[in-house]
Amino acid sequence: METAAPTAVTVAIDGPSGTGKSSTSKAVAAKLGLRYLDTGAQYRAITWWMITNGIDTDDPQAVALAAGKPVIVSGTDPFAPTITVDGLDASGPIRTREVTAKVSAVSAVPEVRVLITELQRSIAAEAADGGEGILVEGRDIGITVLPDADLKVFLTASPEARAARRSGELRGKEAADLAATKEALIKRDAADSGRKTSPLAKAADAVEVDTTDLSLDQVIECVVTLVEEKRAGRK
Ligand code: DC
């Protein structure tokens, strides 16, 4: 039986939004030759499909019934990650304020989580079998999706720092002022942390990195070091 290459590590990065999770994850994966999976984009993609197909996202039964219909495909190149729904490029539409406002309700529906979790596990297994390994970022990766991940990192930051970063990411007509961004972010975190199925939480064996006073480069460096240590330990 073939064993995975020593570099084929599986890395789980969890944490709330505004902690630098996506930028850090992409950069670390690119630097270390790992595949990259943005699981938030998948929950956003299914939410976008629900909206465009007239499903009431506040009706968990309607969402559950429709959950198996869209075909979501994630491209895992960290230099150019992609996401399509039924063959359509969803990378722009999934970042609108409407999708952001509705994604917590859709992602709290257990049927949605089961389907998306299966998809995530198959993508991670394929990357491990291919010998490249993968970095998967989300909310429940270390605890639920990949409890056997080689390395688990949990990123945190103060609410103020997170709201400032999110505000900086928003562009044009989607841009909101800092206070509104902070309010929306705290509301979404509370929903994501308080839901019954797979809430946002730190795994007991995750390494916590508080990014409040760190630059993006410092966070990247810190996670790169953690992955390299893990790889060295597996050789
Ligand atoms: O990381 P993000 O902001 O793009 O994630 C969007 C939403 O998706 C987030 O509010 C909660 C949900 N999500 C989830 O429930 N589980 C994940 N593994 C990733 C995201």
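Points worth noting:
- One residue stands out among those in the stretch 44-71 that are among the aliphatic types (A, V, I, L, M) and surrounded by fewer than 14 Cβ atoms within 10 Å (Cβ to Cβ): the one that is farthest from Val112 (Cα to Cα), which is Val71.
- Of all residues in the stretch 108-142, those being among the basic types (Lys, Arg), near the ligand (Cβ under 8 Å from one of its atoms) and assigned to a helix (DSSP H, G or I) number 1.
- Those residues of the stretch 101-126 which are among the acidic types (Asp, Glu) and closer than 22 Å to Arg188 by Cα, in sequence order: Glu111
- Hey, Ala105 more than 8 Å from the ligand (Cβ to nearest atom), of a type outside the set (Phe, Trp, Tyr), out of contact with any Lys or Arg (no Cβ under 7 Å at 6 or more places or on another chain) and at pLDDT below 95 or not: no
- The single condition among (1) assigned to a helix (DSSP H, G or I); (2) over 16 Å from Tyr43 (Cβ atoms) that Ala149 does not satisfy is (1).
- The residues of the stretch 92-143 that are hydroxyl-bearing (Ser, Thr, Tyr) and surrounded by fewer than 19 Cβ atoms within 10 Å (Cβ to Cβ), listed by number, are Thr96, Ser122.
- Of the residues making up the stretch 187-215, those that are open to solvent by 60 Å² or more (accessible area, probe 1.4 Å) and under 14 Å from Gly15 (Cβ atoms) number 4.
- Of residues in the stretch 186-213 being among the small types (Gly, Ala, Ser) and modelled with pLDDT of 90 or more, the one farthest from the ligand (Cβ to nearest atom): Ala204
- Members of the stretch 216-232 found to be more than 16 Å from Pro16 (Cα to Cα) and open to solvent by 70 Å² or more (accessible area, probe 1.4 Å), listed by number: Asp217, Gln218, Glu221, Glu228, Glu229, Lys230
- Restricting the stretch 10-39 to residues that are open to solvent by less than 10 Å² (accessible area, probe 1.4 Å) and part of a helix (DSSP H, G or I) leaves a set whose member that is nearest to the ligand (Cβ to nearest atom) is Thr39.
- Residue within the stretch 40-62 that is in contact with an Asp or Glu (Cβ under 7 Å, 6 or more places away or on another chain), more than 15 Å from the ligand (Cβ to nearest atom) and over 30 Å from Gln218 (Cα atoms) present: yes
- Hits in the stretch 78-90 - residues which are in contact (Cβ under 8 Å) with a residue 12 or more places away in the chain, part of a loop (DSSP other than H, G, I, E, B) and open to solvent by less than 60 Å² (accessible area, probe 1.4 Å): Pro78, Pro81, Ala90
- One residue from Thr24, Thr57, Thr100 being under 30 Å from Glu132 (Cα atoms) and either modelled with pLDDT of 95 or more or not aliphatic (A, V, I, L, M) (or both): Thr24
- Qualifying residue in the stretch 143-154 (condition: in contact with a strand residue (DSSP E or B) (Cβ under 6 Å, 6 or more places away or on another chain) and within 11 Å of the ligand (Cβ to nearest atom)): yes
The values are calculated or read from the model by the stated rules, or taken from the named source; none is laboratory data. Bear in mind that the values here come from a model prediction, so they are computed numbers and not experimental data. In this analysis, Cβ positions are derived from the backbone assuming ideal geometry, glycine residues included, and neighbour counts consider all displayed protein chains. Only protein heavy atoms, including side chains, enter the accessible area calculation; ligands, DNA and RNA are left aside. Shrake-Rupley method; radii C 1.70, N 1.55, O 1.52, S 1.80 Å.
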